[in-house]
1. Taking segment 152-176 only, how many residues are under 27 Å from His453 (Cβ atoms), over 18 Å from the mean Cα position of the chain (by Cα) and small (Gly, Ala, Ser)?
2. Any residue at all in segment 147-166 that is touching a Pro at 6+ places or on another chain (Cβ under 8 Å), in a loop (DSSP other than H, G, I, E, B), buried (at least 20 other Cβ atoms within 10 Å of the Cβ) and not aliphatic (A, V, I, L, M)?
3. Just to be sure, is Val88 farther than 29 Å from Glu454 by Cβ, touching a Pro at 6+ places or on another chain (Cβ under 8 Å) and either at pLDDT below 95 or not hydroxyl-bearing (Ser, Thr, Tyr) (or both)?
4. How many residues does segment 427-476 contain that are under 21 Å from Gly344 (Cα atoms) and charged (D, E, K, R)?
5. Out of the residues in segment 424-441 meeting the condition of being surrounded by 16 or more Cβ atoms within 10 Å (Cβ to Cβ) and out of contact with any Gly (no Cβ under 9 Å at 6 or more places or on another chain), tell me which one is farthest from Ala381 (Cα to Cα).
6. Run down Gly135, Gly70 and say which single residue is closer than 24 Å to Thr373 by Cβ and either crowded, with 20+ Cβ neighbours inside 10 Å or touching a strand residue (DSSP E or B) at 6+ places or on another chain (Cβ under 9 Å) (or both).
7. What number of residues in segment 112-132 are surrounded by fewer than 24 Cβ atoms within 10 Å (Cβ to Cβ) and under 30 Å from Gly197 (Cα atoms)?
Amino acid sequence: MARCSEDQACSLSGECVRAGFHANFAALQGPFSKGQDVTAACLDCHEEEAQEMLQSPHWLWTGPTPNVEGLENVTTSGKNDFVNNFCVSVPGNEARCAQCHAGYDYKDDTFDFTNERNIDCLVCHADEKAGYVKGQKSAGQPEPTVDLVLAAQSVGPTSVETCGSCHFYAGGGDNVKKGDLGSALEHPTFESDVHMGQGITCSNCHDQGGHVVRGQGVHLAVSRGRLDCAECHGQTVHATAGVNLGSMIDNHAIDVACQTCHIPSFSRQQPTKMDWDWSTAGNNTRGGGTGAESMTLADGTVVQSYLQIKGDFVWEKNVKPTFAWNNGRVSRVTLDTIYPVGRGGPESPVVLAEPLASIADADAKIYPFKVMTGRQPAHLADRYMIAPDLFGPGAFWAGVPPAGSYTPEAVRNLWTASLIAGAKLAGQIGANETIADNEWDFVNTVMYMSINHEVAPSVSSLGCNDCHGNPSFPWAELGYPGDCGSTANCGRH
């Protein structure tokens, strides 16, 4: 057991926990029976901060979307109505999704977003060594084994670990969703991320003060301000490469985002999901009757390739990004989006999220993306993505038949019931409406996701030959007539 200092407390696991400024506050001596009791104590001093939090997208799961096509002037879209090709959507599944909500008891659409006592201060501010963990199925309440007094007395600034407790595990597992955010970044080396590997934390870049968190992706396009590398590094940063070469690289940076060269690949240390096929879910006979299968990647990493409640997965490691023009403007499918006619097949998937810029946009640059593909339910005639009811009594996950009772017909019927229930909970159909079995099916989808983390050391960045003279570089897809390396200037300015 560690010998802790005077400003630390010892946890049940023997960890030395931060116990400084707040440790002796009378209001934090407990006992606390639930998370809201801790929040009530925090409010004695932090009423202003609570009001800030009540307006934040981290709390509301909605917010300003000034760069989303068709949603420029609204503040009511976001995680709560965006559709993705991981666990699809929030409505009907709140009690499970709330493991990553900064609140308590977000069980369904009756949750009171104006009640400041429902804010979970500890998930962001408790020392990670205090053992504060939210339950997977408890609508955001902590695990019953958590020492709430120890966690409350340990509060302080956020950390990579506290931010990562949600963001590293988005999509249902470690590094599943983003591809550039996984537990490998909790204690990163310089090689895994040059910023976090030198002690830079999430808040150093993203915290604007007043619980305003900056940053905007493509798949989660709520924005309280975009971030740009040049805010720290400036516009002309390549002088160390020599006068001529440095000037040439700086000229490239007018058209090419920093991330494009400096993140040559993502998920370098751990794999990420690249495809999720919901159409095969429900089969407990697979995996020798366990309903689970695994596979081994080329480097020896073992991943789960099938799970009966979720379907088939494709994982990749050390992935080369897809390049596309981006100026912040994006398209985004929501629960009420009608997707275009002819979309949904393998060659023309429904595009759930993508950047809208092209080579013709003077303010755009070439950025790197993870491109996630999948198959998920859609209403065929009305052309909308259906929100499935996955979690809870009577939902899809609870109803998957055991191996001995499996039939394709039984699973199809379970899916239909889940989609009817989910569509009602999401407001896609009325309480007395239904979805017939022949009105829905699984369609192909694709979703672009921004890559901004796992910045590699400069010696690993892309060089001239990675693009110019490379027959696999997507010149045509980016709008160029061909490799412009033989011309005097590739730029557009």
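The values are calculated or read from the model by the stated rules, or taken from the named source; none is laboratory data. Here the structure is a predicted model, which is why all the values come from computation and not from measurement. Ideal geometry is used to build each Cβ from the backbone, glycine not excepted, and the neighbour counts take in all protein chains shown.
1. The total comes to 2.
2. no
3. Spelling it out, it is not the case that Val88 is farther than 29 Å from Glu454 by Cβ, touching a Pro at 6+ places or on another chain (Cβ under 8 Å) and either at pLDDT below 95 or not hydroxyl-bearing (Ser, Thr, Tyr) (or both).
4. 3
5. Per the criteria, the residue is Ile429.
6. Gly70
7. 6
Condition check ((1) surrounded by 14 or more Cβ atoms within 10 Å (Cβ to Cβ); (2) in contact with a Ser or Thr (Cβ under 9 Å, 6 or more places away or on another chain); (3) closer than 30 Å to Trp59 by Cα) across all residues:
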{"position": "Gly209", "(1), (2), (3)": "no, no, yes"}
{"position": "Cys229", "(1), (2), (3)": "yes, no, yes"}
{"position": "Gly234", "(1), (2), (3)": "no, no, no"}
{"position": "Asn244", "(1), (2), (3)": "no, no, no"}
{"position": "Ile263", "(1), (2), (3)": "yes, yes, no"}
{"position": "Gln269", "(1), (2), (3)": "yes, yes, no"}
{"position": "Gly289", "(1), (2), (3)": "no, no, no"}
